[in-house]
Structures are given as C-alpha cells and as structure tokens.
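Below is one structure; the comments refer to it alone.
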Amino acid sequence: MPKTAKPTGSEYFVKSDAQGNAAAREEMEAQGVKWLKLAVGDTLLRALPPPPSMQNKETGAAPFFYHTSLHFGLPGSKAPVVCPRKMTGNALTCPICQHAFGLKDAGHERAGNDLLPSWQAYMNVLVLDPKTGEPKRSSTGEVEVYVWSAGRGTLDKIFAQVERREKKTKRTVDITDPDEGYFLEVNRKGTGMEDTKYEVYLADEPSSIMDWLDEWGPELVDLPAISRMRPVDELAGLLTGPAAVEDAFDKSGKAKALPARRISFSDKASQDSDEDVVEGSFREVAEPDAPEGGVDADNDAVARLRKMVGGSDGE
C-alpha cells in the first residue's frame, strides 16, 4: 500500500515570518488601530462596511466582520492566540486543542473547555458621541474608527435584530450601508467574568453617515491583518510559562490589542443552550482594553440621542 503523504496545510497558509510579524505589529501602531472597550450602560455604534482588502473577487462583496478563533489564558502568552485547527477547518493540528481534549478525556472537563478556542468577530465601527450627535473624534479632530471584538453570542444578537427588521419591513437590511444603514445600541451590564452580559438593539429608522465618508473611509482597518496565525511548532511551548517566545503582537506586555478574559453570557430569548461549552463556540469574550485615551460611552447623554437616530425600544 502506498504511503499517504502527510498533510502540510500549504494550500491554506504560508509559513509565518517572525520579522514580518513584528513589522506588522509596528504597522498597527503606526496606523493607530483603536480597540473599543464598551462601558457599562448604552453605547451607540455604527458598524462600517468592509474595506476593499476583504473583498471577494467573485461577488465583489464581503462580510462586514472578520471571524477568528482564539485560545485564551495560555501560560506562555499574555495575548490570545489564533487556533490553526479551527481556522483551517481541521487541516492543521493544534497542540493546544490536543492538550485540551486530553484534559477532557482525563475527566478535567472545565480545564479542557477553558483551553479550547472561542470565536470572535472583529468589525470596524463608529461610536456616536452623545454630546455632539456625531462620531467620536480624536483630540486633533479626526473621526475615530474603532475595531470592536464581539463574541459569537453578541454577533448572533445583531443577526437576530436584522432578521426581525427584515420580516417587519419585508426588505433586505444592510446595517453597514453608509446611506441607509442602522445604528446599533449595545447595552452592557456587569463588569466581572461571571456577570457581564450584552444586549443589542437596532435603531428604528435608517440614517446616513455619508457626511463623514471622507473621514472614516480611509481609516477602515484591514481586519484579517490583525488576526495572524503563529507557526504550529511554537504553540506547544505556550502551554507552559513564562513565555519563551517573543509575542510580536504583545510587545508592551499589557495585552491591550486583543481580548483577554472570558465572561459568562446568557440570552433570555435565544441563547438558552446546553452547548455553551462545546469547543468554546458559545463563550462570550469581553471587548479588549482600549489604548490610552480610548473610548467609553457617556451613558448620561445616550437617552437624548435615541430619537435622533431612531433608537429602538427592543421591538
């Protein structure tokens, strides 16, 4: 019987370039990628359309978010790590997943589940300033484009709101359309790992953000570029600490650029599931810390703006 060639995964990826990773991290700093940290209470967001770099050449379109699968809480890495198994549809093995399944087989269910990856959705967003009714601006006056890291549960809630609106209006709804899209109201409750929950509502009426197109358009972040896979042969070493490999995406040691803690999540209407620990699929992850000078919601003034953007009562 002829020997079966060992899969290399070369059709899915190329070898990671350590110097290139570091250069990409520096480029992120130079471009000023800003991660959104939601404050407790209400925040008004506008999800933005995807940049040309994410375009499907056949359809000419792209999802407005980029999905990535991340391992959290590894002793050898202060930042979350992209899972090669999940991101290549099991074409590659992942030493972290293998270790997690081994723990589960040995009866350590919770420890194994904690190591399994969780899905995250990165998206470009504008944050509405409650004081001005316009997008948040930097100290020098430029419109700020933030990257929001939403867990799968939160993303599902966005889709649920869109589906309900489409049934109600009997037309296709694109929340990211710059001319006829919708603002989202995201409500955060709780601050700890066990009590933080998110609810999402769609504005009653569409609204345009074309007035600021020339300001936010050039600032759209290439989302796949901020979720890079590390070489598989490095991953086993991350199961023990301290980190033996320099993390090019966490040079400060503060892990500001990616989400860093798990929280419980339950949705009274649609997320009452017994599957919330299966390969981390339904685990919610808190938004990453914003950089210094990052954005928080001014919740005292949010209510004044709901009529302006047609804030929903939750339908």
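Counting only Cα atoms, the size of the stretch 120-228 along its three principal axes is 38, 36, 34 Å, in decreasing order. Measuring how big the stretch 126-171 is from its alpha-carbon positions, Rg and Dmax come out at 15.1, 43 Å.
Cross-linked pairs Lys34/Lys57; Lys131/Lys167; Lys104/Lys167; Lys86/Lys136: Cα-Cα separations exceed 31 Å for Lys131/Lys167; Lys104/Lys167; Lys86/Lys136.
Coordinate-derived values only; no laboratory data. None of the values given here were measured: they were computed from a predicted structure.
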